[in-house]
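To start, the structure under review is shown below, and the notes come after it.
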Amino acid sequence: DTVFVETVGGDLTIKRENNTQDGLGIYREEVLDKNQSLGDAVVEYAQVGSLVLLKILPYRENHCRYFVYNTLTHDVRRIDAIGQACVQLPEDHGIIFPGGYYLQNGEFKTFDGETNGLKFRKMRRSPNGEDVLYIFYDPERGKLAFLNYNMIERSVQNPLSGNGFAMYEDGRMVLFEDEAGQPTRVHAMQIWQTPYY
């Protein structure tokens, strides 16, 4: 009795109440097959703190739709990026995914950049516990994305991207990026000082 999903009148509708007589809800979008019922769709969910993550494949459609329902703010957002990778932030702060994050308080942010194909690779905490680094990786393209979440500020700095990296014991990180996309004699390297010593 937390959130209700239905397909009345050709719309995928997400509601707070189970009122099947009215097709209105807090979120709606069209489906391809107007005559389907909810039993025709595939619906999966996961509860993450006060968030409910929904994966819905409407009848006769090839691509799943991904939604986040916030039980505190009663807000629904479609975030398809959580379908490729989604990790719960520490202390039930929310979720992080390639290219953005969604917090329990309803704060939602996405960053520009190519995130297709990125999967979660690993997480690294700073010794003081204030920062958490999430690394996403696409093995086919050799692409990396680094998202640094700060537990105090409850925010993510602009992500870094590259094709390779090295992390040293003193927290320095060397980031390599293949800008040309083909073999070359010179590659630019960036050196970052991080809290992950």
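Structure values in brief
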| quantity | calculated |
| --- | --- |
| At 1.002 mPa s and 20 °C, Stokes diffusion of segment 48-102 via Kirkwood alpha-carbon radius, µm² per second | 182 |
| The chain: most fluctuating residue of Ala81, Ala166, Ala41 per GNM, C-alpha cutoff 10 Å | Ala166 |
| Descending semi-axes in Å of segment 1-68, equivalent ellipsoid built from Cα gyration tensor | 18, 15, 9 |
| Counting all C-alpha pairs of segment 119-197, share separated by more than 15 Å (%) | 59 |
| Highest-fluctuation residue, Phe97, Phe165, Phe146 considered, GNM on the chain with Cα pairs under 10 Å | Phe165 |
| Percent carbon-and-sulfur accessible area, the chain, ignoring ligands, DNA and RNA, probe 1.4 Å | 45 |
| Residues of segment 3-143: accessible area per residue with a 1.4 Å probe, Å² | 53 |
| Three principal axis lengths of segment 37-168 [C-alpha, angstrom, descending] | 55, 36, 21 |
| Lysine pairs in the chain with Cα atoms under 28 Å, if 8 or more residues apart or on separate chains | 13 |
| Built amide H within the under 5 Å cut-off of Arg65, gap 5+ | Ile56, Leu57 |
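The values are calculated or read from the model by the stated rules, or taken from the named source; none is laboratory data. These numbers were taken from a predicted model, which means no experiment stands behind them. Just the protein is used for accessible areas: all its heavy atoms, side chains included, with ligands, DNA and RNA removed. Shrake-Rupley method; radii C 1.70, N 1.55, O 1.52, S 1.80 Å.
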